[in-house]
1. Before rounding to the nearest 500, sum -39500 (n - 2.57) across all DSSP H runs of length at least 4 in the chain and divide by the residue total; then give [θ] at 222 nm in deg cm²/dmol.
2. Sum up the charges of everything whose Cβ sits under 9 Å from the Cβ of PRO319, counting Lys and Arg as +1 and Asp and Glu as -1, but leave PRO319 out.
3. For an R0 of 35 angstrom, estimate the FRET efficiency from the Cβ-Cβ distance between ARG4 and LEU324 and round to the nearest 0.05.
4. Which of the trypsin sites (Lys or Arg not before Pro) across region 42-124 are loop residues per DSSP, with 16 or fewer other Cβ within 10 Å?
5. Could you rank PHE34, PHE283 by how accessible they are, 1.4 Å probe, largest area first?
6. Extending each Cα 7 Å along its Cβ direction at LYS245 and ILE75, get the distance between those two points in nm, one decimal.
7. Mind checking the angle between helix 215-224 and the chain's longest principal axis? C-alpha axes, 0 to 90 degrees, to the nearest 10.
8. If you take the charge dipole of region 192-319 about its Cα centre, with +1 on Lys and Arg Cβ and -1 on Asp and Glu Cβ, which of LEU192, LEU250, SER313 is farthest toward its positive end?
Amino acid sequence: MPGRAFEHVADRLQRSFYDSTFRIQQMPQLISEFRDSALRTASPAQERAVIWSLLSRIPATHLGLLSRSSYSALINEIQGSAHPMLGLQLLRIEDRYFATMVLTGGPADSAGIRPWDEIVAIDARSPTESPRLDWRSDDAHLGDERDPPTYGLVAELGDTVHFTVADEPGRTRDLWVTARSYSALRASVRSLRQFHVDGVRIGYVHWWYMHNRGLPDMLTKGLQGPLKASDALVLDLRGRGGSGKTVSDLLGLLAGGLGQRFRGPIVALVDRQTRSAKEMFAFELRAQGLARLVGEPTAGAVVGMDFDEVGDSAILMFPESAVLPYTERLELKPTDPDVAVPWGGPYSGASDPILEAGLNEAVRLVRSPWRHQ
């Protein structure tokens, strides 16, 4: 029935949207602008497009429509649980699709797909036409320049998917990726390593998500193992967000006190997709004088989210509550880095300018008589 999902979304937002002033004064009129269009839709996909347009007009983040598979994957990642995956997402720029969130040690990474490789075809079909391309899962309100359209890929355990990949325009290679049970938490463990730059030992970890369990223990064990005797740390916070439950525990391992596990200079890498709990963590690292931020302005997306099933296999993601004191300070207010470096972008391959700048900043801090300044 046309309009049913739209009305469910409208009702939920009018009851539960976190900003009571906007919810009461402006939400009803905004919903009325889109109601007739929703009633005239001829398919669930058309109705979802109308709902997306509505969500894009609401001044808040964490607004979107997720498929069941995208929702399930997100919940698994927040919990740090393994689930069947191909180990990458796709990011659309000017109607081309590029590999992003290529998890360290995951199926795509192991098969040879690199960040910013163009995904030319999936099983010999363009990504747009592939049944494996899931719904877009980025923020409806944030512009595509700041938060480009992002898509998961649908695969069952054991599925083998044929990717045609280009590392530069027109130069393609064929790769086969088999879906297996994996997690972003495991990818973070696999990312632990120590760089040696100009005689300086720099520990590195990429926290793909801020999980609600596992990260503090992983960092503690990492500092006793692969990161042992590091002169500096680089914490890679690029990519999506996660749960804020672990932020204070991680800060306790890095700040002064009985729980402190590392006392050297720290650099945090951020980009336009750094959001939510990662933004909270980055904000505190700098506010407490614990780290320098290197990379791009963050997303400006810090608010408590909730979910609601709205019909036609769609799940509404929406901001349900403020996260004190961070929402007032950070929501729709990107955090600028201390050292500005743009991300590599399409076809950048093995080049990672933000990481390179972060390592250089770590060396500078180790050798500086005024550390953390």
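1. On the way: 12 runs with 119 residues, N = 373.
After summing the helix terms and dividing by the residues of the chain, the value is -9500 deg cm²/dmol.
2. Details: positive: none; negative: ASP19, ASP306, GLU320, GLU331.
Taking every other residue near PRO319 into account, the sum is -4.
3. Numbers: r = 36 Å, r/R0 = 1.02.
The computed FRET efficiency comes out at 0.50.
4. ARG57
5. Values: PHE34 30, PHE283 50 Å².
Per-residue accessible area, sorted high to low, gives PHE283, PHE34.
6. Simple spin-label model gives 1.4 nm for this pair.
7. Tilt of helix 215-224: around 20 degrees.
8. Going by the Cα projections, it comes out as LEU192.
The values are calculated or read from the model by the stated rules, or taken from the named source; none is laboratory data. Remember, it's a predicted structure, so these values are computed and weren't measured experimentally. We place every Cβ from the backbone using ideal geometry, glycine too, and count neighbours over all the protein chains shown. Each accessible area value is taken on the protein alone, full model and side chains, heavy atoms only, with ligands, DNA and RNA left out. Shrake-Rupley method; radii C 1.70, N 1.55, O 1.52, S 1.80 Å.
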